[in-house]
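Heads up: the structure comes next, in structure tokens.
The values are calculated or read from the model by the stated rules, or taken from the named source; none is laboratory data. Please read these numbers as outputs of a predicted model, since none were measured by experiment. Here the Cβ positions follow ideal geometry from the backbone for every residue, glycine too, while neighbour counts run over all protein chains shown. When the accessible area is computed, the model is the full protein with side chains, heavy atoms only, and any ligands, DNA or RNA have been set aside. Shrake-Rupley method; radii C 1.70, N 1.55, O 1.52, S 1.80 Å.
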Amino acid sequence: MKNISQTAIPGIDVSRDHLDGYFLPDGKRFRLANSGKGHAQLIELLAAYPDVKVCFEATGGQEWRLWSALDEVGIATRQLPPAQIKAFAASRGTRAKTDRIDAELIARFLDFRPEAGRHLPHQKLRLVRALCAKRGQLVEMRKRLLAQTKARMKNGSGTPFEDMDAELKALLGMQIADLEAQIETAIAVDSGMADTARLLRSIKGIGPVTSWMLIAELPEIGQISGEQAAALTGLAPIAHDSGAMRGRRAIGGGRRALRHVLFQAALVASCHNPVLKAFADRLRERGKPHKVVIIAVARKLVTIANALCKSRQICAT
């Protein structure tokens with residue numbers, strides 16, 4: 001049986017209002033407010049442990065203030081993927097779900113897989129990631145607006161809303177353009193990110209948006225293998241084999257927003273990048289479906305981008 005690490009591992013379930021924690025190896029529990037005061041109390045509590053590694057799930061941003069506060073005082077932290085915690089709970093036969101149970105599972109998962117999770121990105125990278133995420137939200141809002149406008153015009157009920165929809169579309173366009181300018185500025189003032197952006201855009205098929213997303217969502221680029229890059233973007237085929245049976249491969253997991261952008265980039269690259277166009281044509285000649293071809297091109301595209309960054313020893317971090 002695996003021995004529990006002597007490093008203190010506080011697993012924290014982060015919610016909007018509270019921090020529920022569980023300490024390994026001593027089994028102590030705590031509940032603090034997810035606020036500046038609660039973060040200060042947690043830092044004071046952790047000071048009693050000479051060797052500590054704090055871990056918590058990604059919760060859509062609820063953990064960022066805590067993460068920054070701990071990082072500022074030099075406490076080791078790790079953000080863990082919720083899907084892996086859920087699978088770990090299932091492997092242990094844990095069906096109940098409460099904040100206290102989740103905190104213990106998080107701590108035990110990191111003890112089981114000490115290499116898992118992400119470290120806190122530097123402040124400039126966090127800014128670029130936040131700007132890219134907001135831009136993505138506004139682009140999605142504009143797409144929905146256009147679809148709704150088209151549907152109303154089709155059924156003849158769009159006339160009363162034409163001016164309103166036009167104003168909203170123009171406003172979203174202005175806000176998206178403003179965010180894009182902010183992203184460009186944030187990348188340009190950081191020499192490392194600016195060099196990475198120039199290098200990525202030298203690849204036909206990778207434009208400004210794809211380069212921004214690769215920098216924001218794949219800061220490991222240039223420091224990992226091509227297979228790891230494909231897995232992190234959710235583009236690596238997952239085997240489903242058993243004995244003599246060879247199941248159908250499928251992609252999944254990874255960083256979803258980045259995968260969607262790479263899919264769009266692959267559509268362009270399969271037509272305008274000579275190397276990737278030839279690769280796509282070979283797959284089509286073998287009878288591969290269109291979507292399979294584009295996913296393969298996207299996987300090849302991120303592998304090429306990673307290899308190019310590695311060869312120049314440039315990375316987004």
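Summary of values
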| item | result |
| --- | --- |
| Every residue from segment 20-49 that is closer than 23 Å to Phe109 by Cβ and assigned to a loop (DSSP other than H, G, I, E, B) | Pro25, Asp26, Gly27, Lys28, Asn34, Tyr49 |
| Selection within segment 279-297 - open to solvent by less than 60 Å² (accessible area, probe 1.4 Å) and closer than 16 Å to Pro237 by Cβ | Phe279, Leu283, Val293, Ile294, Ile295, Ala296, Val297 |
| Hits in segment 109-128 (condition: within 30 Å of Ala181 (Cα to Cα), in a helix (DSSP H, G or I) and either at pLDDT below 90 or open to solvent by 70 Å² or more (accessible area, probe 1.4 Å) (or both)) | Gln123, Lys124, Leu125, Arg126, Leu127 |
| Sole residue being touching an Asp or Glu at 6+ places or on another chain (Cβ under 9 Å) and either farther than 26 Å from Pro82 by Cβ or open to solvent by 10 Å² or more (accessible area, probe 1.4 Å) (or both), chosen from Ala236, Ala244 | Ala236 |
| Pick from segment 131-154, criterion farther than 25 Å from Gly61 by Cβ and surrounded by 15 or more Cβ atoms within 10 Å (Cβ to Cβ), ranking: modelled with the highest pLDDT | Thr149 |
| Residues located in segment 170-228, provided they are among the charged types (D, E, K, R) and closer than 18 Å to Leu258 by Cβ | Glu180, Arg201, Glu217, Glu220, Glu227 |
| Matching residues in segment 201-216 - criterion: being surrounded by 24 or more Cβ atoms within 10 Å (Cβ to Cβ) and farther than 10 Å from Ala265 by Cβ | Trp212, Ile215, Ala216 |
| Some residue of segment 254-277 being free of Cβ contacts under 8 Å to residues at least 60 places away in the same chain and in a loop (DSSP other than H, G, I, E, B) | yes |
| Which numbered condition Ile224 fails, given (1) outside any loop (DSSP other than H, G, I, E, B); (2) β-branched (Val, Ile, Thr); (3) surrounded by fewer than 24 Cβ atoms within 10 Å (Cβ to Cβ) | (1) |
| Test for Met164: is it out of contact with any Pro (no Cβ under 9 Å at 6 or more places or on another chain), assigned to a helix (DSSP H, G or I) and surrounded by 11 or more Cβ atoms within 10 Å (Cβ to Cβ) | no |
| Long-range neighbours under 8 Å by Cβ, at least six apart or interchain, first residue without any contact (Cβ under 8 Å) to a residue 24 or more places away in the chain and closer than 18 Å to Ile176 by Cβ within segment 140-156, second among the aromatic types (Phe, Trp, Tyr) and surrounded by 11 or more Cβ atoms within 10 Å (Cβ to Cβ) | Thr149/Phe161 |
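This table checks each residue for (1) surrounded by fewer than 15 Cβ atoms within 10 Å (Cβ to Cβ); (2) in contact with a Leu (Cβ under 6 Å, 6 or more places away or on another chain); (3) free of Cβ contacts under 8 Å to residues at least 24 places away in the same chain; (4) closer than 14 Å to Leu24 by Cβ.
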residue	(1), (2), (3), (4)
Val52	no, yes, no, yes
Gly60	yes, no, yes, no
Leu66	no, no, no, no
Gln79	no, no, no, no
Gln84	no, no, no, no
Ala103	no, no, no, yes
Ala107	no, yes, no, yes
